[in-house]
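Contents: one structure, followed by commentary.
Readers should treat all values here as calculations from the given coordinates under stated rules, not as data from a laboratory. Model, not experiment: these values are computed from the prediction. Glycine gets a Cβ as well: all are built from the backbone with ideal geometry, and neighbour counts include every protein chain shown.
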Amino acid sequence: MNDNRNYKYVINSTSKRAEFGVIAKLVKKGSSVVDLGMGDGTLLKILKDRKGVKGLGIEISPSGVRAAKKKGVESRIGRIDVKLPFKNKEFDYAICNVTLQMVMYPEILIREMARISQIQIITFPNFGYVMNRLEMLFKGRMPNFMLGGYRWFSTGLIHQLSIKDFTDFCKDNEIKIVSTSHIFPERLFVLPKIILKMFPNLFAGVGIFITSGK
């Protein structure tokens with residue numbers, strides 16, 4: 001049975017995610033970046049190769065750190081939802097890509113990102129996605145789309161959130177949302193783009209936020 005709670009990676013692991021290309025366009029050349037919950041280091045490798053960034057990755061999985069180092073990415077083992085060992089505004093960018101929903105204290109992670117960086121890039125699966133709502137409504141169970149092939153007990157997702165949840169959190173905590181973009185599942189491309197963009201909390205599979213904290 002599939003289980004992604006231990007985050008095990010092979011040494012030559014290379015991830016492929018739609019967010020990587022979007023994030024690469026957002027990061028300026030030569031900037032300093034910390035990737036919190038970096039996985040196998042693929043994103044940092046892309047940013048290093050394309051944008052010449054000075055990057056550091058933090059990852060709780062030892063196998064992820066080994067895979068990142070194999071790629072030539074500076075990385076270390078550690079939790080990310082705690083007080084982080086960095087100075088205020090030490091980095092140009094702090095990135096947390098589809099990991100926010102996997103940590104015990106997401107509010108601490110968001111606040112620490114705002115403290116240690118000038119700009120934060122945060123992405124997460126949108127639990128408000130229409131297919132999730134329909135499956136909950138008609139089948140009364142945790143949606144397969146949200147769980148990504150895992151079961152409710154074998155997934156690393158412990159704090160599912162919607163785009164609306166995140167925007168409310170930022171408002172309540174005085175975190176400025178600079179810009180947003182969204183990734184829509186291909187199955188919805190039959191709908192007009194203007195409809196998709198008008199209702200991202202309903203139709204987006206992933207939310208991508210640029211924020212500037214206190």
(message) Using a Cα-Cα cut-off of under 29 Å, which lysines could be cross-linked to Lys164, ignoring same-chain neighbours fewer than 8 residues away?
(response) Lys16, Lys25, Lys28, Lys83, Lys89, Lys139, Lys176, Lys193, Lys197, Lys214
(request) Only Lys, Arg, Asp and Glu count, each charged at its Cβ (+1, +1, -1, -1), so figure out the dipole size of the chain about its Cα centre, rounded to 20 debye. (result) 540 debye
(message) Contact order normalised by length for segment 123-214, with contacts defined as Cα pairs under 8 Å and 6 or more residues apart; what percent is it?
(response) 40 percent
(message) I need to check one value: relative contact order of the chain, counting alpha carbon pairs closer than 8 Å and at least 6 residues apart, in percent.
(response) 19 percent
(request) Sequence neighbours fewer than 8 away in the same chain don't count; with that in mind, list the aspartates and glutamates whose C-alpha is under 13 Å from Lys69. (result) Asp40, Glu59
(request) Using only Cα atoms, tell me the angle between helix 130-139 and the longest principal axis of the chain; keep it within 0 to 90° and round to the nearest 10. (result) 50 degrees
(message) Quick check on the chain: helices-only [θ] at 222 nm, where DSSP H runs of length 4 and up contribute -39,500 (n - 2.57) each and the sum goes over total residues. Nearest 500, please.
(response) -9000 deg cm²/dmol
(message) Treating only the Cα positions of segment 18-212 as identical point scatterers, give the base-10 log of I(q)/I(0) from the Debye formula at each q in 0.08, 0.11, 0.16, 0.17 Å⁻¹.
(response) -0.26, -0.50, -1.06, -1.18
